[in-house]
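Below is one structure, written out as structure tokens; comments come after it.
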Amino acid sequence: MKQIQALPPNYDLIRLAVNPPQDAIFCHGDTIYNPSGQEIPEDILFHESIHEKQQGKNPEDWWQEWIINKDFRYEQELEAYTHQYSFIKKHYGARATKEALTDLAQNLNTFYGLHMNLQEIESKIRNGAKEL
């Protein structure tokens, strides 16, 4: 995937659905949009690669559905966070894995406005990773 330091082409529409933090990155097709220019850790690059696969050959349609359908957005992000957690388990130590699970669940809950129980989200991520 190529990376560019810019906002994605549909950023205004994304903001209608969620309020992304300043350091958010976005996958649109085969490109990672990294407006802050920050260094992107490997596990997050892996997360974004899942979005690239989800988008397939038509990222425009995927993004449209992601923006208007909260359930779709949750399913897509849960899948990407589950794969990210699995990546972390494989490449980092047990302590990092435990901390990462909490961070991932909080990110999923806060950024996407789910207002869910964090233990429930952690469980979904953890159990999903077991199935990979």
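A few comments on the model shown:
- Were the residues from Glu75 through Ala94 laid out at 0.36 nm apart, the gain over their Cα-Cα distance would be 4.2 nm.
- Whole-percent carbon and sulfur share, accessible surface of the range 1-98, 1.4 Å: 48
- Kyte-Doolittle mean at least -0.5, axial Cα span of 15 Å or more - DSSP H helices of the chain: 94-111
- A 1.4 Å probe run over the chain, with the rest of the protein chains in place, finds 58 Å² accessible per residue.
- Value of relative contact order over the range 1-123, rounded to a whole percent, pairs C-alpha under 8 Å and six or more apart: 22
- From its DSSP helices (H runs of at least four residues, each -39,500 (n - 2.57)), the chain gives a residue-normalised ellipticity at 222 nm of -20500 deg cm²/dmol.
- In plain terms, the bigger the Kirkwood radius, the slower the diffusion; for the chain, with that radius from Cα pairs, at 10 °C and 1.306 mPa s, Stokes-Einstein puts D at 105 µm²/s.
- The H on the amide N of Ile32, modeled in the peptide plane, is under 5 Å from the matching H of Lys2, Gln3, Ile4, each at least 5 residues off or on a different chain.
- In the range 1-75, the GluC sites (Glu not before Pro) that fall in loop regions by DSSP, at most 10 other Cβ within 10 Å: Glu39
- The trypsin sites (Lys or Arg not before Pro) of the range 1-107 that DSSP puts in a loop, and whose beta carbon has at most 11 other beta carbons within 10 Å, are Lys57.
- Loop sites in the range 75-124: chymotrypsin sites (Phe, Trp or Tyr not before Pro), DSSP, at most 15 other Cβ within 10 Å: Tyr92
- 28 Å Cα-Cα reach of Lys90 towards lysines, excluding residues that sit fewer than 8 places from it in its own chain: Lys2, Lys53, Lys98, Lys124, Lys130
The values are calculated or read from the model by the stated rules, or taken from the named source; none is laboratory data. Computed from a predicted structure; not experimentally measured. So basically every Cβ, Gly included, is an ideal-geometry build from the backbone, and we count neighbours across all protein chains shown. These accessible areas exclude ligands, DNA and RNA; they are computed on the full protein's heavy atoms, side chains included. Shrake-Rupley method; radii C 1.70, N 1.55, O 1.52, S 1.80 Å.
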